[in-house]
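The values are calculated or read from the model by the stated rules, or taken from the named source; none is laboratory data. A quick note: this is a predicted structure, and the numbers were derived from the prediction, not measured. All Cβ positions, glycine included, derive from the backbone under ideal geometry; neighbour counts span all protein chains shown. Just the protein is used for accessible areas: all its heavy atoms, side chains included, with ligands, DNA and RNA removed. Shrake-Rupley method; radii C 1.70, N 1.55, O 1.52, S 1.80 Å.
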Amino acid sequence: MKVFMVLLLAGALGWIVWSKGIFKPAPPPPPPPPPPPAILSQPAPVISAAEMQKVLKSAQDPDANVRWQAVVFLDKVKAPEAMPLMQQMLERDQDPGLRIKIINLLSNRSGPDVMKALVTAMGDLEPTVRTAALQALDKIGDFSVAPAIANGPLHDQDDGVRLQAMKTLNDLQDKKQKEIEAARQKYEAEKQAAAAAARQKQ
């Protein structure tokens with residue numbers, strides 16, 4: 001009888017353990033997601049390398065609108081020729097409106113090549129182009145160009161260029177001050193947190 005009761009209890013206990021899943025093996029991990037289809041990866045040009053050369057030639061088209069669309073396309077497909085071409089056109093293209101469009105496109109970028117191109121554009125023959133370059137530098141907010149502005153456009157013969165140069169310098173100074181203040185506040189918060197943690201350990 002005792003043996004029967006022990007077996008009965010063992011069976012009941014085993015059923016409870018099984019029903020609760022205590023000794024069930026862990027479920028296998030879910031399979032990794034499938035790789036994205038090629039169309040969702042880095043967008044590839046819709047034309048071949050040989051056809052891309054034709055687009056490069058279109059950047060020399062007599063029509064400024066065609067030249068601009070060629071620049072937009074090359075930039076869109078991240079062609080390695082895009083940035084050198086824009087730098088060259090800022091220096092040599094005869095259409096001020098096209099040069100301003102390129103400047104506005106670069107105003108959404110950063111990096112040494114972009115800054116070099118925009119600083120060069122501050123010396124353009126057209127006041128509207130020089131002003132656009134200053135506005136682009138203002139938008140990017142890189143403090144390193146401040147000396148170039150102070151030593152160049154700030155003494156420009158055109159009143160509008162000088163005004164924009166001063167506005168850009170003021171905005172750059174304001175942005176730098178905000179970054180310094182943000183860094184100071186972060187330092188104070190970290191210092192207070194460290195002090196509080198040290199007090200808790202005492």
Exercise for review: Evaluate the following for ASP75: is it among the acidic types (Asp, Glu), out of contact with any strand residue (DSSP E or B) (no Cβ under 9 Å at 6 or more places or on another chain), part of a helix (DSSP H, G or I) and on the phi < 0 side of the Ramachandran plot?
Suggested key: yes
Check your understanding: Being assigned to a helix (DSSP H, G or I) and under 30 Å from LYS57 (Cβ atoms), is that true of even one residue in segment 136-147?
Key -> yes
Check your understanding: On the given criteria, is LEU169 more than 30 Å from PRO62 (Cα to Cα), in contact (Cβ under 8 Å) with a residue 12 or more places away in the chain, assigned to a helix (DSSP H, G or I) and under 24 Å from the mean Cα position of the chain (by Cα)?
Key -> yes
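Quick grid of which residues meet (1) closer than 20 Å to ASN65 by Cβ; (2) of a type in the set (Phe, Trp, Tyr); (3) assigned to a loop (DSSP other than H, G, I, E, B):
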position: GLY97; (1), (2), (3): yes, no, no
position: ILE100; (1), (2), (3): yes, no, no
position: LEU105; (1), (2), (3): yes, no, no
position: VAL114; (1), (2), (3): no, no, no
position: THR120; (1), (2), (3): no, no, no
position: GLY123; (1), (2), (3): no, no, yes
position: LEU134; (1), (2), (3): no, no, no
Practice item. Go over the candidates ALA182, ALA195, ALA148 one by one and state the one that is open to solvent by less than 60 Å² (accessible area, probe 1.4 Å) and either of a type in the set (Lys, Arg) or within 26 Å of ASP93 (Cα to Cα) (or both). Key: ALA148
Check your understanding: For segment 72-99, what are the residues that are of a type in the set (D, E, K, R), within 18 Å of THR131 (Cβ to Cβ) and open to solvent by less than 40 Å² (accessible area, probe 1.4 Å)?
Key -> ASP93, ARG99
Practice item. Any residue in segment 57-81 that's closer than 16 Å to ARG99 by Cα: show its pairings with residues that are modelled with pLDDT of 95 or more and open to solvent by 70 Å² or more (accessible area, probe 1.4 Å) at Cβ separation under 7 Å, as long as the two are six or more apart or on different chains. Key: TRP68/LYS101
